[in-house]
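Q: Quick one: this structure, given as structure tokens, is what I'll be asking you about.
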Amino acid sequence: MRDIITIQQAVMAEDEKYARRIRQTMRDRKILAVNIIGSPGCGKTTLLEQTARNAGFLFAVIEGDIETSRDAERLAAANIEAIQINTKGDCHLEAHTVEKALSSLALDKADVLFIENVGNLVCPAEFDIGEDFKVAVASVPEGVDKPVKYPLLFSQAKIVLLTKIDLLPYVKFDKELFLRDVKSLNPKSPIVELDLTTGAGVDEWLSFLTDRLAEKRAGGK
Ligand SMILES: Nc1nc2c(ncn2[C@@H]2O[C@H](COP(=O)(O)OP(=O)(O)OP(=O)(O)O)[C@@H](O)[C@H]2O)c(=O)[nH]1
Ligand SMILES: [Mg+2]
Ligand SMILES: [Zn+2]
């Protein structure tokens, strides 16, 4: 058992080198790199589709899934530059695969790179993939207790998104409790409520991103 832990630590240390290299590349190119993390089906790809409709910046996407290129195909259909990584069983993305994907993505026109991580609330939060910040996505039908059960993601995220608020009338979900729990884990980060069927709330998400992009261009973080 101890040997296995040692190997995993060695692999993670190696991967940090790739993460540092990605971060340097993104800094040189002044591209904001955003790691989007949430459960399967919480609305990550729909968020990107909605983002494309109104964004005042250009972006490219790395899609992480265990199998299929369905998400990349959805984005391509919306004229979004996207490349798919299939992890073939791994439940999170790692920096070495992200770097490989980056080399086949047209980034010359991109202001922002979104990385949609594998649908999972647990280990994607543990891996640095060279991003500027992580986004935590939770959706109403998942239940109100997700932030307190999976605190690492919600405490690290620079912004927390609550999707599917259109379902509030139909699903037992104490929104005030959700907001309180997130605030207690992460007092500084904004929480944005989204209905991605209509795009309600997307302007607030876009304005957050525009501010972070301006900071990146100014050389800060
Ligand atoms: N009612 C409602 N449905 C939504 C909302 N956002 C996404 N959906 C639906 O939820 C389902 C899953 O959305 P996706 O965007 O594919 O979810 P995802 O997080 O990318 O899923 P994975 O990539 O499999 O992890 C789709 O049927 C969406 O139409 C929302 O705000 N409200
Ligand atoms: Mg998706
Ligand atoms: Zn994993």
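The values are calculated or read from the model by the stated rules, or taken from the named source; none is laboratory data. Values in this document were obtained by computation on a predicted structure and should not be read as measured data. Cβ sites come from the backbone with ideal geometry, for glycine too, and all protein chains shown count toward neighbours. The protein model used for the area step is the full one, side chains on, heavy atoms only, and it has no ligands, DNA or RNA in it. Shrake-Rupley method; radii C 1.70, N 1.55, O 1.52, S 1.80 Å.
Q: How large is the accessible surface per residue of the chain, computed with a 1.4 Å probe and reported in Å² as a whole number?
A: Details: 10880 Å² over 221 residues.
Averaged over the residues of the chain, the accessible area is 49 Å².
Q: Using the Cα centre of the chain as the reference point, and only Cβ charges (+1 on K/R, -1 on D/E), how large is the resulting charge dipole? Debye, rounded to the nearest 20.
A: Details: 29 positive and 34 negative charges, 109 e Å.
Roughly 520 debye for the chain.
Q: I've got another one for you. Of 66, 79, 32, which is farthest towards the positive pole of region 1-151's charge dipole, taken about the Cα centre with +1 and -1 on the beta-carbons of Lys, Arg and Asp, Glu respectively?
A: The one lying farthest along the dipole's positive direction is 32.
Q: Given the options 194, 168, 182, identify the residue whose Cα lies farthest towards the positive end of the charge dipole of region 158-221 (+1 on Cβ of Lys, Arg; -1 on Cβ of Asp, Glu).
A: Farthest towards the positive end: 182.
Q: Once you put a point 7 Å from the Cα of residue 211 and another 7 Å from the Cα of residue 79, both along the Cβ direction, what distance in nm separates them?
A: Going by the 7 Å Cα→Cβ label model, 3.0 nm.
Q: Using label points projected 7 Å from each Cα along Cα→Cβ, tell me how many nm separate residue 54 and residue 172, to one decimal.
A: Taking the two extended label points, one gets 3.3 nm.
Q: Tally Lys/Arg at +1 and Asp/Glu at -1 over every other residue whose Cβ is under 12 Å from the Cβ of residue 68; what's the total? Don't skip to the end; give the middle numbers.
A: Numbers: positive: 70, 74, 88; negative: 63, 65, 67, 71, 73.
Cβ neighbours under 12 Å give a net charge of -2.
Q: Follow-up. Mind checking the full-extension length gain between residue 103 and residue 184? Use 0.36 nm per residue of separation minus the Cα-Cα distance, one decimal, nm. List each step's numbers first, then the result.
A: Working: separation 81, 0.36 × 81 = 29.16 nm, distance 3.95 nm.
Extra length available between residue 103 and residue 184 comes to 25.2 nm.
Q: Sticking with this structure for a sec: By its C-alpha gyration tensor, with a ≥ b ≥ c as the square roots of the eigenvalues, how is region 153-221 shaped: rounded for a/c under 1.5, else prolate for a/b larger than b/c, else oblate? Kindly include the intermediate steps, with their values, before the conclusion.
A: Working: a/c = 3.84, a/b = 1.51, b/c = 2.55.
Oblate, since a/c reaches 1.5 and b/c is not below a/b.
Q: Region 160-221 to region 93-141: how many Å between their Cα centroids?
A: 18
Q: Right, next: Return the calculated 222 nm mean residue ellipticity for the chain, to the nearest 500 deg cm²/dmol, obtained by summing -39500 (n - 2.57) across DSSP H runs with n ≥ 4 and dividing by the residue count. Each step should come with its number before you reach the end.
A: Details: 8 runs with 93 residues, N = 221.
Result for the chain, helices only: -13000 deg cm²/dmol.
Q: Let me ask something else. Output ³J(HN,Hα) for region 80-89: one whole-Hz value per residue in order, computed from phi by the Karplus curve 6.51 cos²θ - 1.76 cosθ + 1.60 with θ = phi - 60°, and x for Gly and Pro.
A: Working through the residues one at a time gives 9, 5, 9, 10, 9, 9, 9, 7, 6, x Hz.
Q: Same structure, new question: Could you check how much of the accessible area of region 21-163 is carbon and sulfur, as a whole percent, using a 1.4 Å probe? Before the final figure, lay out the partial values.
A: Working: 2690 of 5600 Å².
After summing per-atom areas, the C and S share lands at 48 percent.
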